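What follows is a short report on a single structure.
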Amino acid sequence: MLLTAEQVLDGTPTATVLTVDFFDTLITRSVAQPTHVFAVMEQHLVAELGSAWSGFAVKRVRAEHDARVVAASDEPMRDVTIDEIYLAFAQAHGSSMAERRMLIEREKSTELALVKPVAFGVALVSAARARGMRVVIVSDNYMPASHIVNMAHAAGYSWVTPDDVMVSCEHGGMKHNGELWRAVIEEKSLDVAAVLHVGDDVLADGTMPASFGLATNVRDVMRRSHRVMANTSPAVLPLSRIEALYRDRSANGIWPSAEVLGGGAIALLVASQIVDVMNALKSRGVRSVQFIARDGYLAHQVWEKLRASGADLPPASYTALSRSVIWRSRIENVSEEVAHRLVGDDEVLTVERLGRRVGCELQSAKSGPLTADEARALLMANGSHIVAASRELRSRFVSYLRSVGLLDEGHHLLVDLGWTGSTMADVAEVVCEETAGAATVEGRLLGMYWDAVPHRQRVPLHGYAMNEFCGADDNVRLLGCQSLFESLITAPHGSVVGYSPSTVPEFAHTACEQRAYREVGEAIAAAALESAFRILAGTHESGVTASDISGDVAWATMMQLGHTPRRDEVELVSSVSHVTSVDHEGDGEPLIAPMPSQFVVHSELPEVYDSLMHANWVQGTLARWESDATTRWIPDEIRKLSPMFQPQWVQIP
């Protein structure tokens, strides 16, 4: 448990002066990180002044970087000012003097509108002042002291005056490099032995002031919601506001990673699936809505909860389909191509498992493990049995489709995460064959990439967060984290592997996935269900509602989690494995790939990269490898090999 304000002060009983950091110690914002302030600005600028201001937020981040480069070339120790930042912005984007002034005032007013007090900070300065201690605010920031005072007043610190503030942009140096500490000690005539400093940065608020003789206390919990600062746009704001809510709730205790992940990113993605369906219902007549197992499990649960609460939504089915079952039900002959699809190159299988994979008993003179080549030869030798099993599976599959209403005349929506649309297209073909076109199918996918294109000739497919017309980099980014989303937006049961004679779905019971659900998935699902429901019902404490959700928001949410994970998220899912084999058996692949040998040579990196893309969560794995000094070079080199895996995914337009 973290120390209380009184305990922090009691730790240095001789202190008569409290110097205190400002941002993330005394104040925070109602968004998850500082650069999301610029996203709020962009949202308002576009709404008021037009689309020419799209991309402002990330341009503002770049302008600050450029201003710091210029300043460091002449005076490496000093900080920049807000005026210098917007001068750099104007030089890069041709802004007029009037626009610069307007943007500076908007940034200040936006900060004032978003500012919130940190409960610990309030308690700290209240206790210090009650003890008669002098309080001085010491901040690394580009805003002038007058603005720091205004923010303090807006957050309820009415006692703050300009004399109580020392800010880096006005004193020739920063806390980080020690120059501001030198100025604070000299200008405020401080006896360092009588000073306690409290802040949130290890270097600026811990190591550096301690080197001057100050007692220090570093409390960094308000940074736990931070991600990569350069990724800022209005699309990140719904997740940002929800994560800021969790940040404030857990400021004095343990960060509940599963609850934050489920109630934040996963809830928004589940809500996005439902918003997409709601939009479709407004524009076309629909006979049924079918949420596909397992990716539609959470969305279906929320849908039913909304209906029970009085929402005007039609009934929806939870429909057990899987790519492998649909494909196996359509095998007409066991060619070499079919055999290769049924058995991977690196698989070692028993005769019994291979029989379960194709749904029939295989005739074999050999017992024990089979190599891939032996397994394929056995399949081809048993081709007639496999085709017969396929026909029986097809019959049961069609009966199941009839039982859930998918063969009823009319238009049906199938809701899934994605990613290629091949499953939807295969289902649509079966439905069309069985009903002579009287029933039609439309796929509503959260994410969809390149190879959906040929399937569009067979079925209408709609990607909500991303469609196949998006750029190459985004396609690869999505591919690199799809295993994460499939593992987290899931159900307590396994994948469907067949149907009983009475058309009841038969699910796989894979030990590794069951364990992952017990240890991680169940807590994530519980938080996601409650949070997604509140978002869609308009009662979420963050203020985020269905009207805030769009395809861009869904994409930003996917990228904030999947492309720029926090350390706690990587640790949370480090024990999770996902199973992608045709029969949904085996130990699966871990989301976070094991640490490679430090003796990996550069020529092997393309193979490492390819393995990550097809079997693991790429960015989560790279983040884990970066934490070890012996393997840190590998993520570095992989990102050079594939620049789309650099941390920034929001690009300057």
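The values are calculated or read from the model by the stated rules, or taken from the named source; none is laboratory data. Quantities reported herein were computed from a predicted structural model and do not represent experimental measurements. Note that each Cβ is placed from the backbone with ideal geometry, even for glycine, and that neighbours are counted across all protein chains shown.
A few notes on this one:
- Output for the range 164-188, where each listed residue is small (G, A, S) and surrounded by fewer than 23 Cβ atoms within 10 Å (Cβ to Cβ): G172, G173, G178, A183
- Residues satisfying the stated conditions in the range 543-565, i.e. assigned to a loop (DSSP other than H, G, I, E, B), surrounded by fewer than 22 Cβ atoms within 10 Å (Cβ to Cβ) and at negative phi: T545, S550, T564
- Any hit, the range 157-172, residues being modelled with pLDDT under 95 and in the same structural domain as A39 (by TED's automatic domain parsing): yes
- When residues in the range 25-51 are screened for being in contact with a strand residue (DSSP E or B) (Cβ under 9 Å, 6 or more places away or on another chain) and either hydroxyl-bearing (S, T, Y) or over 15 Å from S542 (Cβ atoms) (or both), 7 of them pass.
- Looking across the range 247-274, the residues that are of a type outside the set (K, R) and surrounded by fewer than 24 Cβ atoms within 10 Å (Cβ to Cβ) come down to D248, S250, A251, N252, G253, I254, W255, P256, S257, A258, E259.
- When the range 291-322 is filtered for residues that are assigned to a loop (DSSP other than H, G, I, E, B) and either of a type in the set (A, V, I, L, M, F, W, C) or over 15 Å from T490 (Cα atoms) (or both), the ones remaining, listed by number, are A293, S309, G310, A311, D312, L313, P314, P315, A320, L321.
- Here the range 383-401 is the region considered, the condition is being among the polar types (S, T, N, Q) and free of Cβ contacts under 8 Å to residues at least 24 places away in the same chain, and the residue that is surrounded by the most Cβ atoms within 10 Å (Cβ to Cβ) is S395.
- For the range 210-242, a residue qualifies if it is under 22 Å from G620 (Cα atoms) and either without any contact (Cβ under 8 Å) to a residue 60 or more places away in the chain or assigned to a loop (DSSP other than H, G, I, E, B) (or both), and the qualifying residues are R224, S225, H226, R227, V228, M229, A230, N231, T232.
- Any hit, the range 518-538, residues being of a type outside the set (S, T, Y) and not in a helix (DSSP H, G or I): yes
- Restricting G285, G344, G359, G355 to those that are modelled with pLDDT under 95 and at positive phi reduces the list to G359.
- The numbered conditions (1) modelled with pLDDT under 95; (2) under 24 Å from the mean Cα position of the chain (by Cα) are all true for I489 except (1).
- When S96, S73, S54 are screened for being in contact (Cβ under 8 Å) with a residue 60 or more places away in the chain, surrounded by fewer than 17 Cβ atoms within 10 Å (Cβ to Cβ) and either over 30 Å from V195 (Cβ atoms) or assigned by TED's automatic domain parsing to the domain that holds N217 (or both), only S54 passes.
- Against the conditions (1) closer than 22 Å to M644 by Cβ; (2) outside any helix (DSSP H, G or I); (3) not aromatic (F, W, Y), H509 satisfies every one except (1).
- Look at (1) out of contact with any His (no Cβ under 9 Å at 6 or more places or on another chain); (2) small (G, A, S); (3) within 20 Å of V270 (Cβ to Cβ); (4) part of a strand (DSSP E or B) and you find that G498 fails only one, number (3).
- Residue within the range 342-353 that is surrounded by 17 or more Cβ atoms within 10 Å (Cβ to Cβ) and under 18 Å from E506 (Cα atoms) present: yes
- Residue in the range 287-301 that is hydrophobic (A, V, I, L, M, F, W, C) and more than 30 Å from the chain's Cα centre (by Cα) present: no
- Of all residues in the range 13-36, those satisfying the criterion of being assigned to a loop (DSSP other than H, G, I, E, B) and either within 15 Å of E107 (Cβ to Cβ) or in contact with a Cys (Cβ under 7 Å, 6 or more places away or on another chain) (or both) are V31, P34, T35.
- For the range 189-209, the set of residues classified as touching a residue at least 60 places away in the same chain (Cβ under 8 Å) and either in contact with a strand residue (DSSP E or B) (Cβ under 7 Å, 6 or more places away or on another chain) or buried (at least 18 other Cβ atoms within 10 Å of the Cβ) (or both) consists of L190, A194, V195, L196, H197, V198, G199, D200, D201, A204, D205, P209, listed by residue number.
- Residue in the range 354-365 that is surrounded by the fewest Cβ atoms within 10 Å (Cβ to Cβ), counting only those that are more than 12 Å from A381 (Cα to Cα) and touching a helix residue (DSSP H, G or I) at 6+ places or on another chain (Cβ under 7 Å): E361
- Annotation note: of A113, A90, A154, A123, the sole residue that is hydrophobic (A, V, I, L, M, F, W, C), surrounded by fewer than 18 Cβ atoms within 10 Å (Cβ to Cβ) and in contact with a Lys or Arg (Cβ under 8 Å, 6 or more places away or on another chain) is A90.
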